[in-house]
Amino acid sequence: MTLPAPADEVAPRLWRITTPMPARPPEVHAYLAALDGGGWMLVDGGLNTGAAWSALEAGVRAAAGGWKDVRVHVVTHMHMDHVGLAARVRERSGAAVWMGRLDAERMAHAAAHPDDEADYRAGLLGRCGAPAEMLRTVEEARRGAEPLAPPVTVDGTLDGDAGDIPGAPGWRFAWTPGHTAGHVSLFRPGDRVLIAGDAVLPRITPTLGVNRQRTDPVGDYALALDRLEALSPALVLPGHGRPPEDGVARIRELRTAADGETDTIEALLHTDGRTCWQVVDARYPGREMPVGTRMLALRETLAHLDRLATARRATVRTDDEGAARFARAS
Ligand SMILES: [Zn+2]
């Protein structure tokens, strides 16, 4: 067996560093870019595990000779497989950490108000019409879980639809919400290379779901893909898996898939109202789902239901238990 190289040069002056994950997907990519005028920019990191840290360090050593010239660290989004090593990277390199504004705010809020998170989950499950034991199971699972990463304070936030990245000449960011509210992708206009984070993945559609920061994450994602397509990237580098052979075609495919999901969920509605919980059961009949998977399915389905209601393709009313009931618009 040949071990993978610690860092692959995937485009001129741009290296990919792959770090392992214990479950699916099996790996996540960080990227390391040599900057015009010297210095390096790291994009993402990996999970906060010893194995991921070793792989990241080996990659940084192979490509940049070590941490000392890594000046900028951009995190595409707040999920643990992308942000988990940020505090260690900062300690080791002193690089300035940048994130999309909404994700930075979300992380700071979650760290400062952990009780809010439980309240939000309870409200969400109530709105979905979930049985009471679901809430108990979710909170028990949470209580057992270790905090996944030490909190990191960002040095600045990337705000607006697109713009320059401070300290990283030659690179721009684009706000690409959907998978998270503050997700950003990075673009090098000189050769039209796109570091897409989880906004564009080769085989699966990134998970989308209701969140408390944006009202229409599915619509957000469609606009994010339009924004990326307009950049006409020559190479699309995803957060997981291989680069798609034709990046623009993949972006278009994901755009169609998001609309297709909304249509699928619309077709599951009746003229009498159904809760999100019932729609998930109809969407995955007979499937046993672990609590985390069920939670994702609820958040994603609710996002599509909200989109249908906003577009007046469905009606919604609140029942006596406080659950939202969606019906096909006649
Ligand atoms: Zn990811």
Residues of the range 197-249 being among the basic types (Lys, Arg) and within 16 Å of the ligand (Cβ to nearest atom), in sequence order, are Arg203, Arg242
Hey, any hits in the range 218-232 for a residue that's assigned by TED's automatic domain parsing to the domain that holds Ala196, of a type in the set (S, T, N, Q) and at positive phi?
yes
Determine whether Val218 is part of a loop (DSSP other than H, G, I, E, B), buried (at least 23 other Cβ atoms within 10 Å of the Cβ) and in contact with a helix residue (DSSP H, G or I) (Cβ under 7 Å, 6 or more places away or on another chain).
-> no
Checklist entry - Could you say whether any residue in the range 61-70 is within 16 Å of the ligand (Cβ to nearest atom) and either closer than 20 Å to Leu14 by Cβ or touching a residue at least 60 places away in the same chain (Cβ under 8 Å) (or both)? => result no
Within the range 17-36, the residues that are at pLDDT below 95 and either surrounded by 24 or more Cβ atoms within 10 Å (Cβ to Cβ) or under 22 Å from Gly170 (Cα atoms) (or both) are Asp36
Exactly one of Arg172, Arg142, Arg188 is at pLDDT below 95, among the charged types (D, E, K, R) and more than 16 Å from the ligand (Cβ to nearest atom), and that residue is Arg142
Checking Glu266, Glu300 in turn, the sole residue that is buried (at least 20 other Cβ atoms within 10 Å of the Cβ) and touching a residue at least 60 places away in the same chain (Cβ under 8 Å) turns out to be Glu300
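The values are calculated or read from the model by the stated rules, or taken from the named source; none is laboratory data. Predicted model only: the values in this text are computed from it and were never measured. Here Cβ is always computed from backbone atoms with ideal geometry, including for glycine, and neighbour counts include all displayed protein chains.
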